[in-house]
Amino acid sequence: MPKCDRLVDVGRRQFLRGSAATAAGAVAVAVAPSAPAKAAGAARVDYPSSRLANVKDLKKNVPLDVLYPDADAPGVLLKLGTRVEGGVGPDGDIVGFTIICPHKGFPLAYSADKRTFNCPGHYSVFDPEKGGQQVWGQATQNLPQYMLRVDDKGDIHAEGVDELLYGRLSNVL
Amino acid sequence: MAFKRQIDRLPIIPADAKKHNVTCHYCIVGCGYHAYSWPVNKQGGTAPGQNAFGVDLSEQQPAETEAWYAPSMYNIVRQGGKDVHLVIKPDPNCVVNSGLGSIRGARMAEMRYSTARSTQQQRLTEPLMWRYGSWQPTSWDDALDLVARVTAKVVVDKGEDELIVSMFDHGGSAGGYENTWGTGKLYFESMKVKNCRIHNRPAYNSEVHATRDMGVGELNNAYEDAELCDTIVAVGTNSLETQTNYFLNHWVPNMRGATLDKKRLMMPDEPHATAKVIIIDPRRTVTVNACEVEAGKENVLHLALKSGTDLALFNAIFTHIAEKGWVDRAFIEQHTLREATTRPPLYPARGVADSNPGHLSSFEDAVEGCRLSVAEAAEITGLDPADIVKAAEWIAMPKDGGKRRRTMIGYEKGIIWGNDNYRTNGALVNIALATGNIGQLGGGCVRMGGHQEGYVRPSDAHVGRPAPYVDQILISGKGGVHHVWACDHYKTTLNATEFKRVYNRRTNMVKEAMDAAAGGTREDLVNAIVAAVNGGGLFAVHVDIIHSKIGQGAHVILPAAESGEMNLTSMNGERRMRLVERYMDPPGSAKPDCLIAAAVAQHMERVLREMGQDAYAEQFKGYDWQTEEDAFMDGYHKHAHNGELVTYDRLRALGNNGFQEPAQRLEGETIIGTDRLYVDGNFSTDDGRARFMDAPWRGLQAPGKQEQMAKYDFLINNGRANIAWQNGFLDQGNDFVMDRLPYPFIEMNPDDMESLGIKEGDLVEVYNDAGATQAMAYPTATARKGETFMLFGWPTGPQGNVVNAGVNELVLPNYKQTWGNIRKIADAPASVAHLTFKSKEYSAS
């Protein structure tokens, strides 16, 4: 079983009363990274530049499941519909985040109404419109966000992550 | 943008790293952690044999893995004079937290003093003395000499009542049994200081005199009881935020039904179901929301009563339970006072005496005295009468087969810092006693707690009851010397606007005198200070880990060590005692408080002998401690109940699970503790029988509250937030926290904000007849109109500024019942503009 599925499976087993079904759906299908991840000897890890999607693939306020920086690291791209700091694309409204909670590794669910990522494990709430800031919760870091680049063709490339991902002591394994 | 550390890789803990036991030194829960440390020039590897976890770290680890730590759990600190890597991560085998880390505790490593990584550079590293118009570093001997000379001169000339002492009395953080003993021995044995107070209240008193007077110690159950009960009653406690992992690890499983097998095994012969939860709080908290998510709304009853009316609610529930006969008759007969006592003549307006503002009596007498109908209570509290009845049913209506319901009651600052503390506390304990829910599996009537406990001191009987209202003594110009141990009244006292104004003036008088004596001898300096003190000034000595807000008034500042920089013992909310092992050096020359107290005593002895006060000097002997363990052996080991069974070695062997106090006996070298108190029905009174309290409702009790409510538009309810520990004394040096809380938030109803022209994040002033403070407006749809909730004790906007001086008969402050007006100061400042103001409530979608 792939490890990202194991992460989801924990959510399913442990949180029957919470939002497990929603959470489990979040990483069902994902785009594989276009370049293999590689470790490096530099002080900061050397991130792969991965094409995750094209801007045309995104629908407003609907998260698109992706994997970055490798197949064991589920995340989403999200077109918010309003320009935000750190947003990319023609409208400056595309952001990308891991959807593994940095507290205990449970998969986050996206609330389209509130525009927040919510953790069924211990109720943490993160705001993708504010750089993944934890609105309230248990994690000691805000939600790791992708550094994104959009090329002339509208392809969205991830080229880094700004916080340590849950479950790995190096963002690139 | 939200704060990000830009850390994407951490050093790996090698297989041979040192591993120390750590109990989190922040909240009452005391989660177990381990501190791993290893030389700074070494690191582990990803191969299973190369790391402390024995797993392949080149792979993604699953949820709840032991083999991961966040950047906040990492630092580089000094250990034995050398830099080492440090990881402090939750202990999966600790029964308290089972590997969970809270947003406070999981930042312990990041909150350590590190010169290599520039964290907590606000920590004090050496003694400071007011000299040449500012604070200058100096030696311990120089600083202590001045402290002793001025203190000795003042107490010899004018008596020990001229020495005012503010001192922590708790466990964890800067507390611990070692340090409460050290300070206690100095002020209660060598001296008999009467004018003393505790870190969060203006007198030296209990926060829960009532339950103690009734014979029911306030930490009487086990965390396991939250897993075993039928009903949890949470009063004035927002447990998901303030006792986070107790809630997550022990309440939630019962709501989910994950403890049903355990219930059936431990309590056969009765029906069991998932827990019901009653939450009594004027505010809809994240705790209410989480309970609804886990237990289902049909199993959660949130009684959002009018602020300060808890006593009326408790009395109506008590009355209803008694009328229905849902009481434990056998328990009442066998374990409680059976003869009524005479009501005081002026009751209920006045109690037996100011020292005893209630009336302790029998069950029947209490039922009569507390009698309040559901309809009357509904009128007072604003609650639906049907909900009051439902609460009584969930608490006490027998289960199928006539089996008694098991109900655990937890309460905290909502009533402790609330209206009519003594009788409200008593009225709640009445319910637990009447239903036989103390000393039983799934029972308890307990404080939820704030910080951990660690109290062993010589008798404080000389302080008296009611204890002196120390803040008023200082404000009225009395007292000449103020010793302050890890207290910051500028953030965490009531009537703080006035207190600060006077404290600044009085301490400035001494600073000016010291400035004028510059260049003179030590004798000249002491004489100048004493003259200023005699003229109304105040000489302030502060012992702390940082230069605090109130420390701006200090003349001598002594640097203290914290938990982990010293060996330190405490107990948590189920009396679980653990030893935190020293895993790093204190900053600079900072010392454990107990050893600072010892040094003060030794300098007092020396100076008093020079003054010819030999007999007095003799009282300051007995401090020849070399280490904190010596203080522990002199204090806890000799003076705690069965403390002679407890040693560092035995605690170390018990690891992060420790034992629950009091110690009972040894099995080999293993200490056997006490899961629950009062299992034998023998209560803490002279005759072993618990008392009920005749505790009738008498409105808003503290002076000035009724008038304030009438005069101002908004309730300024207040309390804690998950992310912050206490008054932010360390958090104020943490980027992650200060990014989120550059100002304290004030949760406001959106319509109220609109009517005042306030937008989210705007800086607002909160003001009333007691003073003024500031906060950032946080629109909160669930906040009732006219009711706000402000973060308490925050450095950039202390809520205590607007709390009036009104206290109860026993000098318990009333922070919660505060009313004020609100006006906009400014648009959201730059530090606020990037913040989210979305709802804090989790939802599944």
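Side notes on the structure shown:
- When B:H199, B:H20 are compared by accessible area at a 1.4 angstrom probe, the order from most to least is B:H20, B:H199.
- The charge dipole of the range B:747-817, taken about the Cα centre with unit charges on the Cβ atoms of Lys, Arg (+1) and Asp, Glu (-1), comes to about 160 debye, rounded to the nearest 20.
- Sparse-neighbour loop sites [trypsin sites (Lys or Arg not before Pro); the range B:549-626; at most 14 other C-beta within 10 Å; DSSP]: B:K621
- Residue separation of B:Q6 and B:S755 scaled by 0.36 nm, minus their Cα-Cα distance, works out to 265.5 nm of gained length.
- A Förster distance of 60 Å, applied to the separation of the beta-carbon atoms of B:E189 and B:D384, puts the FRET efficiency at 0.65.
- The residues of the range B:340-446 expose on average 33 square angstrom of accessible surface per residue, using a 1.4 Å probe on protein heavy atoms.
- In the full protein context, the range B:631-758 carries 40 Å² of accessible surface per residue, based on a 1.4 Å probe and ignoring ligands, DNA and RNA.
- The length gained on full extension between B:D630 and B:E333, counted as 0.36 nm times the residue separation minus their Cα-Cα distance, comes to 102.3 nm.
- Kirkwood-based Rg to Rh ratio, the range B:645-802, C-alpha trace: 1.17
- Between A:D91 and B:D649, the distance separating the two model label sites (each 7 Å from Cα on the Cα→Cβ line) works out to 7.1 nm.
- For the pair the range B:387-462 / the range B:278-292, the C-alpha centres are spaced 18 Å from each other.
- Solution diffusion estimate, µm²/s, Stokes-Einstein, the range B:238-303, Kirkwood Rh from C-alpha pairs, 37 °C, viscosity 0.692 mPa s: 265
- Cα centroid separation - the range B:699-739 against the range A:46-74, whole Å: 43
- Candidate lysines for bridging to B:K297, where Cα separation is under 16 Å - those fewer than 8 sequence places away on the same chain excluded: B:K276, B:K390
- With R₀ set to 45 Å, the beta-carbon distance separating B:D827 from B:F53 gives a calculated FRET efficiency near 0.35.
- Separation of the B:T521 and B:T782 label points, Cα + 7 Å toward Cβ, nm: 6.8
- Stretch gain in nm, segment B:K262-B:T342, where the contour uses 0.36 nm per residue and the Cα spacing is subtracted: 24.2 nm
- Distance between the range B:79-104 and the range A:103-142 - C-alpha centres, whole angstrom: 24
- Heavy atoms of the protein chains alone define the surface here; on that basis the range B:1-97 has 35 Å² accessible area per residue at 1.4 Å probe size.
- Value of [θ]222 nm, deg cm²/dmol, for chain B, DSSP H segments ≥ 4, -39500 (n - 2.57) each, nearest 500: -8000 deg cm²/dmol
- Pairs of C-alpha atoms in the protein assembly as shown farther apart than 53 Å represent 17 percent of all such pairs.
- Simple spin-label estimate for B:D83 and B:T670 in nanometres, 7 Å along Cα-Cβ: 4.4
- P(r) of the range B:722-845 over all Cα-Cα pairs, binned every 10 Å from zero, in whole percent: 13, 42, 35, 10, 1
- Think of the range A:101-169 as a dipole: +1 on every Lys or Arg Cβ, -1 on every Asp or Glu Cβ, centred on the Cα centre; then among A:G132, A:I156, A:Y146, A:G132 lies furthest on the positive end.
- In the B-A interface, the accessible area buried, summed over both sides, Å² (probe 1.4 Å): 5600
- Solvent-accessible area of B:K194 with every protein chain in place, 1.4 Å probe, in Å² to the nearest 10: 70
- Of the GluC sites (Glu not before Pro) found in the range B:600-693, those in coil by DSSP whose Cβ has at most 16 other Cβ atoms within 10 Å are B:E669.
- Using a Förster distance of 56 Å, the FRET efficiency for B:H462-A:A71 (Cβ separation, nearest 0.05): 0.20
- Between the residues B:V193, B:P829, B:T244, the greatest Cα displacement towards the positive end of the dipole of chain B, with unit charges on the Cβ of Lys, Arg, Asp and Glu, is found for B:P829.
- Interface residues, the range B:287-323 - accessible area loss of 30 Å² or more versus chain alone, probe 1.4 Å: B:V293, B:E294
- Percent accessible area from carbon and sulfur atoms, chain B, protein chains only, probe 1.4 Å: 48
- Overall Cα dimensions of the range B:21-124 - principal axes, largest extent first, Å: 41, 36, 20
The values are calculated or read from the model by the stated rules, or taken from the named source; none is laboratory data. Note that the coordinates shown come from a computational prediction; the quantities given were computed from them, not determined experimentally. Ideal geometry is used to build each Cβ from the backbone, glycine not excepted, and the neighbour counts take in all protein chains shown. Remember, those area values only see protein heavy atoms, side chains included, never the ligands or the DNA or RNA. Shrake-Rupley method; radii C 1.70, N 1.55, O 1.52, S 1.80 Å.
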